[in-house]
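To start, the structure under review is shown below, and the notes come after it.
The values are calculated or read from the model by the stated rules, or taken from the named source; none is laboratory data. As the structure is a prediction and not an experimental result, all values here were calculated from the model. Glycine gets a Cβ as well: all are built from the backbone with ideal geometry, and neighbour counts include every protein chain shown. With ligands, DNA and RNA removed, areas are computed over all heavy atoms of the protein, side chains included. Shrake-Rupley method; radii C 1.70, N 1.55, O 1.52, S 1.80 Å.
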Amino acid sequence: MKPLYKFWKNNRSLILFIALMSVFRSAVADWYEVPTGSMKPTILEGDRILTDKMAYDIRIPFTHIPLIKLADPQTGDIIVFDSQAADNRLIKRVIGVPGDTVALYNNELVINGVKIKYNNLQSNIDSLDKIEDLNGHKHAIRVAHTPSQLSGFNEVTIPEDYYLAMGDNRDHSADSRVIGLIPRSELLGKAERIIVSLDYDDYYLPRKNRFLKPLL
């Protein structure tokens, strides 16, 4: 026991700091690296995303067990969640909340019988960037010039405690169209902003224009 006590005595400040930081990252806020382009053009590969873990619930640290419900995800929110279906941690945008009916035709959404408005933003070599207006929440999406099998689905009604989430890169995202609806119990928090972004194609140098950029 003496070696352990000596170790504690000599390193207790560091141990306490690590413990408190672990609790903070588990229950209050954390940052995640984005390895894929499924949320382009909003989020790029190499972005480090700050996530508010108290946006929807106060949870027991290191668990998914909620203590207090603070709010529910809203249409347009970018959420981080641990998907059992995908066996991975994912970041996607909320498209449908409980009670909504949602359909997708040729990469254009119809929510509760109302066709969502789109405006062209920029044409790329093999895709087109558009502005999507989700009931006043405007953000950029990307669709392929040649629509994929993900470009449409028939109307679905969202049950209680589930959400329909999609990536902004609509033809290149394994989201609710692939893994099904997202249970509320899998939510980790709301993605708020980019902390820093490293350009994988430029020797991992930081992208200066993305530092602390809010996510829309």
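For the Cα atoms of the chain, what angle does the longest principal axis make with the long axis of helix 2-27, in degrees from 0 to 90, nearest 10?
Computed tilt is about 20 degrees.
Cβ neighbours within 10 Å, averaged per peptide: list 95-101, 111-117, 124-130 in order, most packed at the top.
On the way: 95-101: 17.1, 111-117: 12.7, 124-130: 14.6.
Ranked by mean Cβ neighbours within 10 Å, highest first: 95-101, 124-130, 111-117.
What pairs in 53/213; 117/213; 40/130; 115/213; 69/190; 190/213 have C-alpha atoms more than 23 Å from each other?
On the way: 53/213 18 Å; 117/213 25 Å; 40/130 11 Å; 115/213 30 Å; 69/190 14 Å; 190/213 15 Å.
Going by Cα-Cα distance, 117/213; 115/213 fall outside the 23 Å limit.
Show me, for segment 165-175, the HN-Hα J-couplings you get by feeding each phi into the Karplus relation (A = 6.51, B = -1.76, C = 1.60, θ = phi - 60°), rounded to Hz, glycine and proline as x.
Computed from phi, the couplings for segment 165-175 are 10, 9, x, 5, 8, 4, 8, 9, 9, 8, 10 Hz.
Can you work out the Karplus-derived ³J(HN,Hα) for every residue in segment 58-63? Use 6.51 cos²θ - 1.76 cosθ + 1.60 with θ = phi - 60°, whole Hz, and x for glycine or proline.
Working through the residues one at a time gives 9, 10, 5, x, 6, 9 Hz.
Which whole-Hz ³J(HN,Hα) couplings does segment 64-75 yield from phi under the Karplus relation 6.51 cos²θ - 1.76 cosθ + 1.60, θ = phi - 60°, glycine and proline marked x?
For segment 64-75, the Karplus curve yields 9, 7, x, 9, 9, 7, 9, 6, 10, x, 10, 4 Hz.
Just to make sure I understand: if all protein chains stay in place, what is the order of 160, 33, 108 by accessible area at 1.4 Å, largest first? Could the numbers behind the result be given before it?
Working: 160 145, 33 100, 108 45 Å².
Solvent-accessible surface, decreasing: 160, 33, 108.
Please give the direction-averaged projected area of the C-alpha convex hull for segment 66-175, in square nanometres with one decimal.
Across all orientations, segment 66-175 yields a mean hull projection of 7.6 nm².
Express the relative contact order of the chain as a whole percentage, based on alpha carbon pairs under 8 Å and six or more residues apart in sequence.
RCO, the chain: 23 percent.
Accessible area per residue for segment 83-216 in Å², computed with a 1.4 Å probe and the full protein assembly in place, what is it?
Each residue of segment 83-216 exposes 55 Å² on average to a 1.4 Å probe.
Give me the net charge for the shell around residue 54: Cβ to Cβ below 13 angstrom, other residues only, Lys and Arg +1, Asp and Glu -1. Walk me through the numbers before you get to the answer.
Working: positive: 25, 53, 59, 69, 190; negative: 30, 52, 57, 192.
Net charge in that neighbourhood comes out at +1.
What share of Cα pairs, in percent, lie more than 24 angstrom apart in the chain?
The answer is 48 percent, as a whole percent.
For residue 89, what accessible area in Å² do you get when you roll a 1.4 Å probe over the heavy atoms of the protein chains, rounding to the nearest 10?
In the full protein context, residue 89 sits at about 110 Å².
Would you pull out the residues with amide H under 5 Å of residue 196's amide H, same chain only if 5 or more places away, H placed 1.01 Å from N?
48, 212
Can you give the helix-only mean residue ellipticity at 222 nm for the chain, where every DSSP H stretch with n ≥ 4 adds -39500 (n - 2.57) and the sum goes over all residues, rounded to the nearest 500 deg cm²/dmol?
Roughly -4500 deg cm²/dmol at 222 nm, from the helical runs in the chain.
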